[in-house]
Each structure stands twice: as structure tokens, then as C-alpha cells.
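Have a look at the structure below before the remarks.
Derivation of every value follows stated rules applied to the coordinates shown; laboratory data play no part. Keep in mind that this is a model prediction, so the values were computed, not measured. We place every Cβ from the backbone using ideal geometry, glycine too, and count neighbours over all the protein chains shown.
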Amino acid sequence: VTMSVIKYSSPTSAGAECIDPDCSWVEQWVHRAGPRKDIYYEPNEVKAAIVTCGGLCPGLNDVIRQVVFTLETYGVKNIVGIPFGFRGFFEKGLKEMPLSRNLVENINLAGGSFLGVSRGGPKTSEIVDSIQARRIDMLFVLGGNGTHAGANAIHDECRKRKLKVSVVAVPKTIDNDIPLMDKTFGFDTAVEEAQRAINSAYIEARSAYHGIGLVKLMGRSSGFIAMHASLSSGQVDVCLIPEVSFALDGEYGVLQHLEQLIKNKGFCVVCVAEAAGQELLQNSGATDASGNAILSDIGVHMQQKIKTHFKGIGVHADIKYIDPTYMVRACRANASDAILCTVLGQNAVHGAFAGFSGITSCICNTHYVYLPVTQVITAPKRVNHKGRMWHRCLTSTGQPDFR
């Protein structure tokens, strides 16, 4: 079943297709998100839990808020937050936090996570032991690729034990690298904040003699933030992403191009994604608590290479290096993300009450849908380096092929 184009939609499916002149609906496997006529749970008997995992992301509090609001609308009285990610299921001294509309009313006005976040956690069996002991009926898991894999493992273990627990995920990553989704919450805000960093680098570079603004942006496995921020700012001369390999040295390398930019216009701005050019650096092989590879710092490496290159050719260069990583992650969601968070949070609750488990609430081909978590944890989504958006970025920057 193809998901690349949705021709028609029906009340229950975002993948319904009209197959004959009388328009007989054939519904496909993507379920349309939203409330159902019949609900699986008795609301006054439900205990619902919310957990936020991984790193910070704009919009976490917005989703928490909407999940609580919607649960209370259904009539759920017992709502709790699990503090500091999956760690809250086993760490002594971390107690679940009772949640209510009054308590979360204004948490969307600040960034971060009201419940706290952490990476990694106990074994899946231990988490499900805790879920059983706490008598949790619904678990809402907010996180990225690794967290979705964890949610799927929890769902499988609950099924193995024949527990009636709905495990529903909400995709959270500023990298926008979860497959099959148009975008994830936090991405629009991250691009907006990254654009501000690029603008600062532009002003610094333009105001300095032979100024070079260098901005490193997040993107563990994909370059969506760097590409979109470069496009939106219109001030970037070189955009480097992990999907496109490049050389720093040599006749067609990045350094030679920077030399020409300094000669021709007197300053320039470079935007690089954190995972770009890792093949040029020494890999430590270390991983973080979530199992993600710890990347070598391409920003610092490029800063030193640019300094060395211009010193070697006897040309002055004033490098302004900006790494806005934590500023981008910790800010409050913008209007676009706040609306997305509202819909995703509400739909997560609707999905749980419909009796679904092992799903994620997302937007796909402009439709709000429920996708099986198994479909979105296969591999990260990456920029199509042959696609139109990347070529629009190349047209905007005017950069050549650095290979």
C-alpha cells in the first residue's frame, strides 16, 4: 500500500481510495486520527500516565497540557506524570506527579518539559512491571526515534502479558527525522530560532574585516534544520548537511570556495549540521545513554581548519563561531508548533480511548493520522539530496559541488 500520495479521504481513513465510478471506498492501513463513536475504556476507571523522554524540544509542555485537557474532557480523574523519562519508572525518590487542568493550565508559556526528561532507562520488563504495579491503563510517550522504539517494546511486552494498556506515542524531535511524517513538533520553532543565530552570524561577519560566520545546527542524522534555516534566512553562502559528502581541502573544497567568497564579497556565512562531514573526523565509537553515537564536533573542526587555511595563505580572516544548540531546544513553541502540539496531543487521547496501542499520533500527507510505531522506527528520515528542496537551497546559497 503506497503512502506517497493520498487521493481521497474518508471519516475513518486518511488512505481511503475511490476505486470505481460509484466511488466505493477501499480503506487502507493508515487510520484517520480523531474521536470515535465508541470508546474502549470507562473514563472514571482509567489511570493515565504521561512521560517525556530524550532531549528537550519546543512544544513538550503544549502536548502535556493538551493530553491532560482531553483526558479530563473524557472524564478521566486519575492522571499522572512520570518524572524524568523512563527513569521515573524505577529510580527511587522519583514519585509520579498528579496532573490536572489547573496544574498544567499555563505550562505552555515556558520551554522545557514540566515533567523533566532523561535518556535511557531500565529494561522493558522492569518498566512494564512498574506499569502493572501502578495500575496504569494508558501510557502517553513523548519522544523521538529511540523513544518510539522503547514505546514499541513496552507495547509488545504488555501484549505478551495480556495487559489492557494503550501505549500511544507522540513524535518529538526538532530534527524532523521520523519517517512517513510531514513534520514533527518542535521543528518549525527550531528553524525559526536557528534563523536568528544565522542572522547574528551574518551581522558579525558583515561587520568584520574578512568576517566568516560559522553556525553549527542540530541534525544527528539529517540536515533538515540546516537546510530549512539556510533557505529561510537567505543569508547563507554554504550549507553542509550529512546527506551530502564534501571535501574541505583541494581545488573544489569548501575552503577554496570560502577564499573566493572573501575575495569577491569580503565576508561569508557557513551553516553546518552537526552530523555533516563525520567521515572527515576521528570517530570515538562512544554512545550516549540512548544508544546514539556521540558525534565528533564538526563545528570546532571547521573553525580550526578555516583559521589554519587563511593563515597559511597569508589572508586575514575573522571567524565568528556560533553553536545555538541549547537555545534552539529550550525555547517555547511558536504558533505553528503550538497548533500542531494541540492536535497531536488531543488525537493521542482519542486513539487511546478507541482502544489502539502501539501507535503514534502524527501528520502524514497533510492528514492527521495514527501510524503503527513499527513503521516509523525502521530508519531515520533523511534529506533527499536529489529532491527539489535541497536544490532550492543550493540555488539560494549559490554553492558548488564540494566533491
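Sequentially through the stretch 127-136, phi angles give Karplus couplings (6.51, -1.76, 1.60; θ = phi - 60°) of 5, 5, 4, 5, 4, 4, 5, 7, 6, 7 Hz, Gly and Pro residues having no value and appearing as x. Label-to-label distance for residue 90 and residue 339 is 4.2 nm, based on points extended 7 Å past Cα in the beta-carbon direction. Sequentially through the stretch 66-83, phi angles give Karplus couplings (6.51, -1.76, 1.60; θ = phi - 60°) of 6, 4, 5, 4, 6, 4, 5, 4, 6, x, 6, 9, 9, 10, 10, x, 8, x Hz, Gly and Pro residues having no value and appearing as x.
Less than 5 angstrom separates the built amide H of residue 172 from those of 143, 144, all sequence-distant by 5 or more or on a different chain. Less than 5 angstrom separates the built amide H of residue 248 from those of 254, all sequence-distant by 5 or more or on a different chain. In the stretch 152-310, the DSSP beta bridges split such that about 10 percent are antiparallel, to the nearest 5.
Using a simple spin-label model with pseudo-atoms 7 Å out from Cα toward Cβ, residue 316 and residue 401 lie 3.8 nm apart. Sorting 77, 381, 172 by the number of Cβ atoms found within 10 Å of their own Cβ, with the fewest placed first, yields 77, 381, 172. Note on residue 196 and residue 135: their simple-model spin labels are 4.6 nm apart, each label 7 Å out from Cα toward Cβ. For residue 78, the residues 5 or more places off, or on other chains, whose built amide H falls under 5 Å of its own are 48.
Sorting the segments 254-260, 277-283, 195-201, 212-218 by their residues' average number of neighbouring beta-carbon atoms within 10 angstrom, most packed first, yields 212-218, 195-201, 254-260, 277-283.
When the listed pairs 216/381; 183/307; 92/381; 37/381; 183/386 are checked against a 26 Å cut-off, the alpha-carbon distance exceeds it for 183/307; 92/381; 37/381. How would the stretch 325-386 be classified by its alpha-carbon gyration tensor: rounded, prolate or oblate, with rounded meaning a/c under 1.5 and the a/b versus b/c comparison settling the rest? Because a/c hits 1.5 or more and a/b fails to exceed b/c, the stretch 325-386 counts as oblate. For the chain, what is the percent of antiparallel DSSP beta bridges, rounded to the nearest 5? In the chain, approximately 30 percent of DSSP beta bridges are antiparallel ones.
For the chain, the residue among 107, 236, 362 whose Cα projects farthest onto the positive side of the dipole built from Cβ charges is 107.
When 65, 382 are arranged by Cβ crowding within 10 Å, least crowded first, meaning fewest neighbours, the order is 382, 65.
Percent of Cα pairs in the chain per distance bin of 20 Å, from zero to the largest separation: 27, 50, 22, 2.
Placing a label point 7 Å from the Cα of residue 308 along the Cα-to-Cβ direction, the residues of the stretch 239-268 whose backbone N falls under 12 Å from that point are 248-249. Protection proxy ranking, highest mean first, for peptides 362-370, 158-166, 308-316: 362-370, 158-166, 308-316, where packing is the per-residue count of other beta-carbon atoms within 10 Å, averaged.
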